[in-house]
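Single-structure report; data block below.
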Amino acid sequence: MPPPLPPDPIEPCAPAPAMDAALPAAVVATILSRLDVRSLLLAAAACRGLRACASHALAFLPSFHLLEVALTHELLRPLLPLNPSLRSLRLDCARLEDAAIACLARPGLHELLLLNCDNISGRLLCELGTTCRDLRVLSLNSLGARRGLVVNFSDLQELLNGCSQLESLRLALDFSTFDDPDFGRVWASASEKLSSLEIGYIPMTMLLELLAAVTEAQQYMDYVKAPVFFPSLQKLCLAVDFITDHLIGSISVALPSLTHLDLQDAPIVEPNSSSDLTNAGLQQINPHGKLKHISLMRSQEFLVTSFRRVNDLGILLMADRCSNLESVCLGGFSRVTDTGFRAIIHSCSGLHKLRVSHGSHLTDLVFHDIIATSLCLTHVSLRWCKLLTNVGIERLSCNKDLNVLDLRDCRSLGDEAVRALSCLPKLQTLTLDGTDISDQSLKYLGLGTCPLTSLSLRGCRKLTNDCITLLFAGPVKQSLQVLDLSRIPSITDDGIMLLARSRTPLIELRMRENPKIGDASVMALASMQLDGGTCGSSLQLLDLFDCGGITPLATRWFKKPYFPRLRWLGITGSLNRVMVDALSRSRPFLHMACRGEELGSMLWDTSSDWYRHNDDDLDELEQWLLEGEPVSDDDTIMEE
């Protein structure tokens, strides 16, 4: 049988079949219904057939989560058609105003999470109470923060009266705007299912008024029909003026079912004896033995101060009543020594998370015999514990389940501590800011067995360019996604070129306040080619604020097609205001910080796997959102 003749080279090949001819519409719809919003929009940018199917799928999505970009109302409205199936909505509202409230308040919602609500007034609360009767989870950030916007007590009242199914309420805003004689009593109308309440800041007088109303209702409950306050509340998180003995006692009496208590203060004046926490106050914590998590933090944002009236005795009394604790966070206990901290470790056999900040008397003795305990610590943070040395960390490393370790500004730690940590099989997040490590530490990490996803080296002044090569010489290159090289004076453009050549697919890179980082670093990162042939950088966050060698020429490298996935950029605003403004206009979905703000902290959860997309190009998403027209089918065929 003669061999088949080759095809005529002059005869053109038959065009590929259109997508709707290759796959039934029902199959395409089923596939698209299983995509998240971001992937669905990217698919819609491919061709007209997918665009039509995606538009149809948007009307039946049970969840709409889009936190990567902040859309305007005009862009958001067509993406949120009438959808009786929508149950969860998560958005960045930085570019939304009151006109979008009707688009956000959907009758069937069970969960609503909105970030950066600065330009939205309190009318949103009122509308949610009127429309979202089945809401279970509500989280709002910075509501009405822009000057001139009104958030009234009546808005909160309408929310609590209307959302009778609420189980979790988080309002990260200043509650002084709700100051009203009826503030305490209005919470009687809150959902009886409310188990978690988080408040950004509440004045002490308003909080004590609320707790007094709760206690009064409990006292008369057996005699008259009194209103019921918080019958199911288990988690309470508050920021207050001062953490005091009276406050601790009032919470313990009014809310006996709490399992999670998180209190933070930031004094602007030194507390006196009547407005401070003492040993007696700690003795009132957990009278019913139900607490699983306790966090008492004194911030030094406005004043260098601490809990000066608490010593080891207070911690011993607390530890004796809190043996069931699984998580302990203590900040600003400057008079507590190793004796107090050891009492917590040895009393709480189920402890998984330990956080101590500004522990000025914490030394290696805390972990001296930790190997003899049954502890299984997974998250440890020891910030500003300057007496802690390599010996203590070597003993801590006996906890092989450590997943997150923060040693920021523990200035006595060096290479031997990192050597011990490099063998931890589950360590994913490591913060070594301000420690005394050298390039040798990076060699230990590079050749170690820990699957690091996040590494922060900010302010480690002994490091040089060689640390880049040493770090990426081993398996850590395959897992690392977040790297902070800020405030390291010896890091230069040569070091960043070594990083680019390593082809490590970093998602976040911070290099702020490095005097020897310049335009060459930007060019190297912009042209970095990843394994698999993806052109350009994988970076979603790049912080170059106050880098000494950056000139106006660098802004040209942030235009398309460079840095296709970039969503956060930190740069010095005075570099060239005209060029920075032009870049902002050309990439409207790029969050630019020009005053030294920290970037991206609200959108990532460091306790879980980092969210990443390896194969898609965000420029397609921008094209679809901005232009509204996908590429033609013919163009798609030609590209294939």
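The values are calculated or read from the model by the stated rules, or taken from the named source; none is laboratory data. Treat the numbers as computed from the prediction; the structure is a model and nothing was measured. Here the Cβ is made from the backbone with ideal geometry for all residues, glycine too, and neighbour counts use every protein chain on show. In case anyone asks, the SASA skips ligands and DNA or RNA and just uses the protein heavy atoms, side chains included. Shrake-Rupley method; radii C 1.70, N 1.55, O 1.52, S 1.80 Å.
Is it the case that the stretch 466-478 has a residue that's of a type outside the set (Lys, Arg) and within 23 Å of residue 572 (Cβ to Cβ)?
No, the conditions are met nowhere in the stretch 466-478.
From 398, 376, grab the single residue that is open to solvent by 40 Å² or more (accessible area, probe 1.4 Å) and either in contact with an Asp or Glu (Cβ under 8 Å, 6 or more places away or on another chain) or touching a residue at least 60 places away in the same chain (Cβ under 8 Å) (or both).
Checking each option against the conditions leaves just 376.
Within the bounds of the stretch 102-122, is there any residue that is assigned to a helix (DSSP H, G or I), at pLDDT 95 or above and charged (D, E, K, R)?
Within the stretch 102-122, none of the residues are assigned to a helix (DSSP H, G or I), at pLDDT 95 or above and charged (D, E, K, R).
From the set of residues in the stretch 434-478 that are without any contact (Cβ under 8 Å) to a residue 40 or more places away in the chain, assigned to a loop (DSSP other than H, G, I, E, B) and β-branched (Val, Ile, Thr), which is surrounded by the fewest Cβ atoms within 10 Å (Cβ to Cβ)?
Step by step, filter the stretch 434-478, then rank; the result is 449.
At pLDDT 95 or above and over 26 Å from the mean Cα position of the chain (by Cα): which single residue out of 459, 474, 392, 434 fits that description?
On inspection, the qualifying residue turns out to be 392.
Could we say that residue 505 is under 18 Å from residue 451 (Cα atoms), open to solvent by 30 Å² or more (accessible area, probe 1.4 Å) and not polar (S, T, N, Q) here?
yes
Tell me yes or no: at least one residue of the stretch 186-199 is among the charged types (D, E, K, R), within 20 Å of residue 297 (Cα to Cα) and either in contact with a Lys or Arg (Cβ under 6 Å, 6 or more places away or on another chain) or part of a loop (DSSP other than H, G, I, E, B) (or both).
Scanning the stretch 186-199 turns up at least one residue that is among the charged types (D, E, K, R), within 20 Å of residue 297 (Cα to Cα) and either in contact with a Lys or Arg (Cβ under 6 Å, 6 or more places away or on another chain) or part of a loop (DSSP other than H, G, I, E, B) (or both).
Hey, does the stretch 75-88 have a residue that's among the charged types (D, E, K, R) and more than 20 Å from residue 172 (Cα to Cα)?
So far as the stretch 75-88 goes, yes, one or more of its residues are among the charged types (D, E, K, R) and more than 20 Å from residue 172 (Cα to Cα).
Which of (1) on the phi > 0 side of the Ramachandran plot; (2) of a type outside the set (Lys, Arg); (3) surrounded by fewer than 20 Cβ atoms within 10 Å (Cβ to Cβ) does residue 358 not meet, given it meets every other one?
(3)
Out of 67, 86, which single residue is in contact (Cβ under 8 Å) with a residue 24 or more places away in the chain and touching an Asp or Glu at 6+ places or on another chain (Cβ under 7 Å)?
The unique qualifying residue is 67.
Just checking, which of 91, 61, 75 is in a helix (DSSP H, G or I), open to solvent by less than 50 Å² (accessible area, probe 1.4 Å) and more than 23 Å from residue 154 (Cα to Cα)?
Step by step, each of 91, 61, 75 is checked, and only 75 is in a helix (DSSP H, G or I), open to solvent by less than 50 Å² (accessible area, probe 1.4 Å) and more than 23 Å from residue 154 (Cα to Cα).
Does residue 276 satisfy the criteria of being surrounded by 15 or more Cβ atoms within 10 Å (Cβ to Cβ) and either over 30 Å from residue 373 (Cα atoms) or in the same structural domain as residue 207 (by the TED database) (or both)?
yes
Inside the stretch 539-560, can you point out the residues that are farther than 22 Å from residue 600 by Cα, in contact with a helix residue (DSSP H, G or I) (Cβ under 7 Å, 6 or more places away or on another chain) and surrounded by fewer than 17 Cβ atoms within 10 Å (Cβ to Cβ)?
551, 552, 553
Could you tell me how many of the residues in the stretch 351-380 are at pLDDT 95 or above and farther than 19 Å from residue 413 by Cβ?
The total comes to 4.
Which members of the stretch 38-55 meet the condition of being over 20 Å from residue 90 (Cα atoms) and surrounded by fewer than 18 Cβ atoms within 10 Å (Cβ to Cβ)?
If the condition is that a residue be over 20 Å from residue 90 (Cα atoms) and surrounded by fewer than 18 Cβ atoms within 10 Å (Cβ to Cβ), then 48, 52 are the ones that fit.
Going through the stretch 129-167 one residue at a time, which ones are open to solvent by 30 Å² or more (accessible area, probe 1.4 Å) and in a strand (DSSP E or B)?
137
From the list 299, 252, which one is closer than 24 Å to residue 212 by Cα and either in the same structural domain as residue 202 (by the TED database) or open to solvent by 10 Å² or more (accessible area, probe 1.4 Å) (or both)?
Among 299, 252, only 252 is closer than 24 Å to residue 212 by Cα and either in the same structural domain as residue 202 (by the TED database) or open to solvent by 10 Å² or more (accessible area, probe 1.4 Å) (or both).
Does the stretch 585-593 include one or more residues that are modelled with pLDDT of 50 or more, surrounded by fewer than 16 Cβ atoms within 10 Å (Cβ to Cβ) and closer than 22 Å to residue 487 by Cα?
No.
Could you count how many residues in the stretch 94-103 are within 22 Å of the chain's Cα centre (by Cα) and open to solvent by less than 10 Å² (accessible area, probe 1.4 Å)?
Looking only at that region, the number is 1.
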